[in-house]
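K.L.:
Shown below is the structure under consideration.
The values are calculated or read from the model by the stated rules, or taken from the named source; none is laboratory data. No experiment lies behind these values; they were computed from the predicted model shown. Cβ sites come from the backbone with ideal geometry, for glycine too, and all protein chains shown count toward neighbours.
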Amino acid sequence: MCSLRRDLARRLGLREEHILEDELERELRRRMADWDFIMRQPPRVRAALRLFVETGDLRLAQRLSGMPLEDFYELVKRAKIPIVVVRRTG
């Protein structure tokens, strides 16, 4: 597993620690999201919310939804998906 993570980090030009942080952020979004609310949305919006949970890319998910950014952000808040940024300094 470590060698896979190391290879992935090398290919993406990232440090191995950043791979771990991205996984932590994704897991937090998955756990805290209101999946019942997400699954009740129209297909395009549901796909955009799921994309945001998996990637954390608000702008890409917003574009997929076809909604204005402010409206999509409000929907993310209603879906209880946290905006998570975990980065070490130094």
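K.L.:
Kindly provide the set of residues from the range 22-34 that are surrounded by 15 or more Cβ atoms within 10 Å (Cβ to Cβ) and either over 12 Å from the mean Cα position of the chain (by Cα) or of a type in the set (K, R) (or both), ordered by number.
P.N.:
Those that are surrounded by 15 or more Cβ atoms within 10 Å (Cβ to Cβ) and either over 12 Å from the mean Cα position of the chain (by Cα) or of a type in the set (K, R) (or both): R26, R29.
K.L.:
Of (1) part of a loop (DSSP other than H, G, I, E, B); (2) modelled with pLDDT under 95, R6 satisfies all except one. Which?
P.N.:
It fails just one condition, (1).
K.L.:
Out of all the residues in the range 31-43, which are touching a helix residue (DSSP H, G or I) at 6+ places or on another chain (Cβ under 6 Å) and either basic (K, R) or not in a helix (DSSP H, G or I) (or both)?
P.N.:
Matches in the range 31-43: A33 only.
K.L.:
In this structure, is F37 within 27 Å of L14 (Cα to Cα) and aromatic (F, W, Y)?
P.N.:
no
K.L.:
Okay, moving on. Looking at (1) in contact (Cβ under 8 Å) with a residue 12 or more places away in the chain; (2) under 15 Å from R29 (Cβ atoms); (3) more than 11 Å from the chain's Cα centre (by Cα), which is the one condition that is false for A48?
P.N.:
Here A48 meets the rest and fails (3).
K.L.:
Kindly indicate the residue of the range 64-88 that is surrounded by fewer than 17 Cβ atoms within 10 Å (Cβ to Cβ) and among the β-branched types (V, I, T) and also modelled with the highest pLDDT among those meeting that condition.
P.N.:
Checked the range 64-88; the qualifying residue modelled with the highest pLDDT is I83.
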